[in-house]
1. Taking neighbour counts of Cβ atoms within 10 Å as a proxy for exposure, in what order, fewest first, do 686, 344 appear?
2. Need one number for the range 200-253: average projected area of the convex hull over its C-alpha atoms, nm².
3. Going by average Cβ density within 10 Å per residue, which order do the peptides 548-560, 210-222 take, highest to lowest?
4. Quick one: give the max-minus-min coordinate of the C-alpha atoms of the chain along each principal axis, largest first, in Å.
5. How high is the relative contact order of the range 640-786, in percent, counting Cα pairs under 8 Å that sit 6 or more residues apart?
6. Rounded, prolate or oblate: which fits the range 640-786, taking a ≥ b ≥ c as square roots of the Cα gyration tensor eigenvalues, rounded meaning a/c under 1.5, else prolate when a/b beats b/c?
7. Hey, for a label at residue 490 modelled as a point 7 Å past Cα toward Cβ, could you say which residues of the range 382-406 have their backbone N under 19 Å away?
8. Order these by the 10 Å Cβ neighbour count, fewest first: 338, 481.
């Protein structure tokens, strides 16, 4: 059995564990955890040393490997001090005097970016959607899987024509271009369209069509409740909502609350073919996407191009800390964002030849900017959703009608294998699921497979940290694992939150692709830093992109772990040389102009010099790269007066083998009355049950197992290991954990429910702390009691 067999279902659900090494272990183990340091039973095996030596020799004689290694030894300056600016203001090299505003001469608006691609890449595939054929329920399965057929592609020319017709159809429905003479916040014209839909080709085409007519695109996560959607419609006076067919009945209920709303446009993403129109009784006009396109064809209207200063996007945040804020982004900001990304990756891509996998919420700025950027480079975009990017959530119908359930070619079920992307972005939770999926598979592998994996992982990890590749392990051991990601991945980006060093190392090593970190916010149009593709370090978010400048500001009373203030003048960070520490501030063309109709919130985040204050604390390395080390937001001051950064702790504790990232991970909790924090943990029940059986612990239910003191102690053991590996402070050591089985109703937040968007998580998959604390009284009381002396 080879590595492919062991890792064919790496990306979603854990498998049951089995003995990990018959020769060296006499009892069953509940898990397998990859380690960059080989275990003793590998270190003492002569075969391991032979393989490591052979791998090094193959690299040495490859010629190109040593040349690249020598080139990497030349010191590189990733960002530079801006001449004449206050100390600590940094930009990308080559842009010290002027920030990039566009990647393409004469292109100044989002509409012009799109027009350029429609024309330049006219015949190339642009937007791909797998044909949805309904649900397939395997024999004996509890839940059904989505069934797909062939992928249907629109070329760039076809996409351009469709979007222009959709824009003309919006005009026929009564929408108007935003007046160039009136500030958006003062406008009362029907110039805003709300997108409340899952990521799909028609989401993209609707947004493009609106831009062609100077109509503002407002976005709302498809998982938000109707109150949030109603609030967005009421604020913007939007006359049109674009939603999925399945959401029409819910959206109809807004009619009485939203007098501006006149029309619902529905799409058919993951709706079975030949489904009849929605049967609703409403005064609202309910019309399909295709019917709007037909309206545009029947009543053509030429484009009404916006100006660079016109508002393009009103992106509502997911509202984890209260009412969602509408972030106002101009057309010129979109263009500068595209330019900043292009300048960073232009050496790694070939225009018109790439493929980007789109599955994150398009209402999230990371996905929106990534799609717009890759569309501008002539990349094809393949659409999936988080549940069907792998074969765990999908099946494929072959041309002869038979069903393929395995992630194999031809006719693979999962979106990753179908589209074989060269670029993919993901939040840390997705990478963590991939990692634990591989480790789960190794837990039930044969001793030989486990041995080879351990040798290859340790060898390749050390090779990468030394600045070289490992041709033997890459070609023999990890080749087929890499193929499970489509085999073409060259750029893998992690954003939306910090990723631990352990996780970043694992993905780079096993999937044989550079996992780089990025750092930005909705308020900066997803432009800030991106790690260099050749930078193999962990914990680096990169350096400023060409279209922004960045600085670090003093952090007031917030101290580091040694109770020292963060200062832009600092020369060291915990004994390591640095070039300043402080709150990260960003300024430049991509940065938004403020929060819609919330001047008080705008004044809190933007200062008088237009610097956006992020609330994140960073450290400049001496080479001009940035690391994030703390937070001004989500900081808790414990009883002893010391601050703890909840998100930084969660990043490290999530590496525990018992944490179930699929069900939402874990939440660290602390208050001013506690001496030490605790954590609520969504546990991997397969691993927990396997460990309990091996330890002779009997149980009759998941909840009984999760409350067993011996089980809690075992989970705490792994948390203590994460604390040590992550170099967390003494005040960041957990007092205890409360375990959640995830066996409850996933639609209601209870003490046994898994967490997901709208249920313990925000729509962008971030923790909804307030909701969890409010709903899980018993667990919170347990943590607070244990954490108080």
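Every number in this text was worked out from the coordinates using simple rules, so none of it is lab data. Predicted model only: the values in this text are computed from it and were never measured. For neighbour counting, all protein chains shown are included, and Cβ atoms are generated from backbone atoms with ideal geometry for every residue, glycine included.
1. 686, 344
2. 3.9 nm²
3. On the way: 548-560: 19.2, 210-222: 26.2.
Order by mean packing, descending: 210-222, 548-560.
4. Sorted from largest, the Cα extents of the chain read 77, 68, 61 Å.
5. This gives 26 percent for the range 640-786.
6. Oblate.
7. 382
8. Numbers: 338 28, 481 23.
The most exposed by this proxy come first: 481, 338.
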